[in-house]
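Report on one structure; see the data block that follows.
The values are calculated or read from the model by the stated rules, or taken from the named source; none is laboratory data. None of these values were measured; they are calculated from a predicted model. Quick reminder, even Gly has a Cβ in these numbers, built from the backbone with ideal geometry, and neighbours come from all protein chains shown. Heavy atoms of the whole protein, side chains included, go into the accessibility calculation; ligands, DNA and RNA do not. Shrake-Rupley method; radii C 1.70, N 1.55, O 1.52, S 1.80 Å.
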Amino acid sequence: MNIIPRSEHPNPQFERADWQNLNGKWEFEIDKSNSGEERKLYEAEKLGGEIIVPFCPESELSGVGETDFLNSVWYKRSISIKDKSKRIILHIGACDYFTTVYINGKKAGAHKGGYTSFSFDITDLAMIGENTVVIHAYDDNRIYRQPSGKQCPSYESYGCYYTRTTGIWQTVWLEYIPEIHIKDFKLYPDSANGKLVVHANVAGDGELLAVAYYEGKEMGRSIAQNNGGNAELTIELDEIHLWEVGAGRLYDLELTYGQDKVKSYFGLRNVALDGYKFTINGKCVFQRTVLDQGFYPDGIYTAPSDEALINDIRISMDAGFNGARLHEKVFEPRFLYHCDRMGYIVWGEYANWGIDHTDISNLPTYLREWTEAIERDFNHPAIIGWCPFNETGLVNGRKQADEMIETVYKITKLMDNTRPCIDTSGYFHVVTDIYDAHDYCQDVDEFADYSKKLEKEGILIDYTAREPKYAGMQEYTGGPVFMSEYGGIKWDVKDDSQSWGYGDTPTTEKEFIERYKGLTEAIMKNPKYLGFCYTQLYDVEQERNGLYTYARVPKFDIKIFKDINSQKAAIEEE
């Protein structure tokens, strides 16, 4: 029996009925010398091994389990084409890092970037009957010129670096679309006026019909003509059902253009900064978030199932968190869909580690994929802000290129002015909508004193303010603060001497809980904090500072943390 792993549609925000999942068994070969192009492996009758797509070859679920450096890998399978009356599009959810696709021995296209989705129109290269798809991925995260996030640049995982991901790690699929079709669209929900604005890019002459539904009942419709490849329309909604934390209340959306039909959805919400408050639909929402790194023991970057994605949100909400920083990784659209429907707020971030941010010549590489991420994920209501960089500290004594940070911030705001943008999480800020800080101080009294200093005197003493080598590199000048990393308290259920967390390890469960409570309440009781992000939700490999183990087993009575996190924050009382 041929069971297709991750068989669900990979992108519920842009779903057509006519599609084919290509996950499952592929031929596979590790190209140790990266000579496959010269040896014309794209024409090879057979590759040397097998792999289960979409799992990376480093993972158990791939059936390969090779964790050494894999700079060059090849994939091959056949696909059957029965009809060429429509355009045939090959989609790859994500493939790390430089990907080249061949159809029947001919190059279909290439993509640079390990985290965003891409596609190629293969109609002209395909033929009726059996066709061969070959995918080559080249990946080297030791050159500091490509994003790699928390993928370890050394042979073995250490500190907060973990097992690498090479090649395909999200769903591969075919899609069949008519010549006249919808290319993409952006959704602008207007919760204040009860309407939805749609900006669509279309191919071919026609008119765009958009119909909104809520729980199966039609809520409104609108039509617009093609205007130079664009179609813009507004749907006045009959009923207003607001998206909010813990309640997604999604509307279904159907878009029709000629014979092309696309299913999507939207949430009716806006986000804004109001003084020291972060608001959703005008209501103050204190961000009780947690660091989620998106790693899995058996799949590495790839969740073993759709249920595993849902479970990561559920266990976070069980602990009293209302959202997450999606840390050093661009998460798959399917995860974001579950955040949307469950009312779980998230920060859209990027895997900037691996790129030398002191070298401005890396800017084009950075922008290429970061802008793809914004474009792909723009319509998700759960994403309440963007954060393109994380901890841009010194590199071999060199300071970050401020113009690089500033340029990325400005382009982010040009692409999306509906959400706040944090230029670089923790340090070093250049231009930002929210000043955020990282502080892993483990002394509750000391941490509380720092918080009081901010509240009473407007002085922020975070990690960078106490670190001599960072003296004068950034200065807090007022406004709301997001404590976007703190805690990281180690608790290792296996008592492994090789594991680590931040600071000294509590000796008892009671001491752990008291420390968590003291650190968290110091933030929540300060009206100048708009939220926190605790490090972290679950352990990842040797980093054992999660509230859950790597296998997502709770280390403590999770209700304790829910009670702490659910207290009313000072900013919510004003």
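Checking the conditions here, which among Gly24, Gly63, Gly113, Gly48 is at pLDDT 95 or above and within 23 Å of the chain's Cα centre (by Cα)?
That would be Gly113, the only listed residue that is at pLDDT 95 or above and within 23 Å of the chain's Cα centre (by Cα).
Of the conditions (1) open to solvent by 50 Å² or more (accessible area, probe 1.4 Å); (2) charged (D, E, K, R); (3) not in a loop (DSSP other than H, G, I, E, B), Asp205 satisfies every one except a single condition; which number is it?
(3)
Please go through segment 444-499 and give me each residue that is touching a helix residue (DSSP H, G or I) at 6+ places or on another chain (Cβ under 8 Å), more than 20 Å from Met524 (Cβ to Cβ) and open to solvent by 30 Å² or more (accessible area, probe 1.4 Å), ordered by number.
Met473, Gln474, Trp491
Being aromatic (Phe, Trp, Tyr) and under 18 Å from Cys160 (Cβ atoms) is the filter here; which residues of segment 485-543 pass it?
Scanning segment 485-543 gives Tyr486, Trp491, Trp500, Tyr502, Tyr534, Tyr538.
Out of the residues in segment 266-284 meeting the condition of being of a type in the set (A, V, I, L, M, F, W, C) and open to solvent by less than 20 Å² (accessible area, probe 1.4 Å), tell me which one is farthest from Arg249 (Cα to Cα).
Step by step, filter segment 266-284, then rank; the result is Phe278.
Can you tell me which residues in segment 400-434 are acidic (Asp, Glu) and either assigned to a strand (DSSP E or B) or closer than 19 Å to Gln287 by Cβ (or both)?
Asp416, Asp423, Asp433, listed by residue number.
Return only the number of the condition from (1) open to solvent by less than 10 Å² (accessible area, probe 1.4 Å); (2) of a type in the set (Val, Ile, Thr); (3) farther than 30 Å from Asn23 by Cβ that Val262 does not satisfy.
(3)
Step by step: first the residues of segment 298-319, then only those that are in contact with an Asp or Glu (Cβ under 8 Å, 6 or more places away or on another chain) and surrounded by fewer than 20 Cβ atoms within 10 Å (Cβ to Cβ), then the one that is nearest to Tyr265 (Cα to Cα). Which residue is that?
By that ranking, first place goes to Asp306.
Identify, please: which residue in segment 158-185 is assigned to a loop (DSSP other than H, G, I, E, B) and closer than 21 Å to Asp260 by Cα and is, among those, most open to solvent (accessible area, probe 1.4 Å)?
So, considering only residues that are assigned to a loop (DSSP other than H, G, I, E, B) and closer than 21 Å to Asp260 by Cα, the one most open to solvent (accessible area, probe 1.4 Å) is Glu179.
Please find, within segment 506-556, the residue that is most open to solvent (accessible area, probe 1.4 Å) out of those that are aromatic (Phe, Trp, Tyr) and within 28 Å of Ser157 (Cβ to Cβ).
Tyr550
Which one of the conditions (1) under 21 Å from His91 (Cβ atoms); (2) within 25 Å of the chain's Cα centre (by Cα); (3) in a strand (DSSP E or B); (4) not basic (Lys, Arg) does His199 fail to meet, given that it meets all the rest?
(1)
So, in segment 399-425, of the ones that are of a type in the set (S, T, N, Q) and out of contact with any Asp or Glu (no Cβ under 8 Å at 6 or more places or on another chain), which residue ends up most open to solvent (accessible area, probe 1.4 Å)?
Within segment 399-425, the match that is most open to solvent (accessible area, probe 1.4 Å) is Asn417.
State which residue pairs qualify: first residue on the phi < 0 side of the Ramachandran plot and inside segment 171-199, second residue among the charged types (D, E, K, R) and crowded, with 20+ Cβ neighbours inside 10 Å in any location, beta carbons under 6 Å apart, and separation of 6 or more residues or different chains.
Thr171/Arg6; Pro178/Asp260; His181/Asp260; Ile182/Asp260; Ser191/Arg269
Residues to consider are Lys469, Lys410, Lys453; find the one that is closer than 23 Å to Gly348 by Cα and charged (D, E, K, R).
Going through Lys469, Lys410, Lys453 in turn, just one is closer than 23 Å to Gly348 by Cα and charged (D, E, K, R): Lys410.
Need a quick list: strands (runs of 3 or more DSSP E) entirely within segment 12-99 having at least 2 residues that are open to solvent by less than 10 Å² (accessible area, probe 1.4 Å).
Correct list: 24-30, 49-53, 72-81, 87-92.
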